[in-house]
Amino acid sequence: MTDLLTIGDVARRSGVASSALRYYEERGLISSERAGSGHRRYARPVLRRIAFIVFAQRVGLTLEEIGAELAKLPPDRAPNKRDWSRLSRRWTTRIDARIAELERLKSGLTECIGCGCLSLERCKLANPGDRASSLGPGPRYWVGDRPLD
């Protein structure tokens, strides 16, 4: 059992709370063995899977999507660099879309976002009479609509 880690060891090493580890296991994203005492024991390669889960969540994947990606990994060995690279290669467009969204958010912090609030002095210039409302509800310029001329 020296190769197996306790849930506390995995939590400390991965930076993920024990409750989240239990949840990931419940969802089938990771697995553990049970010691004679009933306590969870994890094989060391689980740390790679957890790092992958954390990274994938930051990219914006849902737990369902993460589970589907993890299911593509070989069941008989620890994933290697090529395995991880093959999975993450498809995320480039998703990351690019997130970057573009963050850029719009960054520029929208000081500009009109087309929300129709009319509370800023600038709204009189960028969105007079709440013209953005004709494009639909919410912050129209932030979601990508262009101001009406």
If I ask for residues that are surrounded by fewer than 13 Cβ atoms within 10 Å (Cβ to Cβ) and either under 30 Å from residue 145 (Cα atoms) or touching a residue at least 12 places away in the same chain (Cβ under 8 Å) (or both), which ones from segment 65-85 would you list? 72
Members of segment 64-103 that are in a helix (DSSP H, G or I), within 13 Å of residue 52 (Cα to Cα) and over 16 Å from the mean Cα position of the chain (by Cα): 81, 83, 84, 85, 86
Whether any residue in segment 35-46 is under 29 Å from residue 102 (Cβ atoms) and either in the same structural domain as residue 99 (by TED's automatic domain parsing) or of a type outside the set (Val, Ile, Thr) (or both) is what I want to check. no
Of the conditions (1) within 30 Å of residue 143 (Cα to Cα); (2) in contact with a Pro (Cβ under 9 Å, 6 or more places away or on another chain); (3) at pLDDT 85 or above; (4) not aromatic (Phe, Trp, Tyr), the single one that residue 108 does not satisfy is (3)
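In this structure, does residue 36 turn out to be closer than 25 Å to residue 94 by Cα, surrounded by fewer than 14 Cβ atoms within 10 Å (Cβ to Cβ) and at pLDDT below 90?
Values: closer than 25 Å to residue 94 by Cα: no; surrounded by fewer than 14 Cβ atoms within 10 Å (Cβ to Cβ): yes; at pLDDT below 90: yes.
It is false that residue 36 is closer than 25 Å to residue 94 by Cα, surrounded by fewer than 14 Cβ atoms within 10 Å (Cβ to Cβ) and at pLDDT below 90.
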I'm trying to understand the selection: among the residues of segment 1-36, which are under 17 Å from residue 53 (Cβ atoms), not in a helix (DSSP H, G or I) and not hydroxyl-bearing (Ser, Thr, Tyr)? 5, 15, 16, 17, 27, 28, 29, 30
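The values are calculated or read from the model by the stated rules, or taken from the named source; none is laboratory data. Values in this document were obtained by computation on a predicted structure and should not be read as measured data. Using ideal geometry, Cβ is built from the backbone for each residue, glycine included, and neighbour counts are taken over all protein chains shown.
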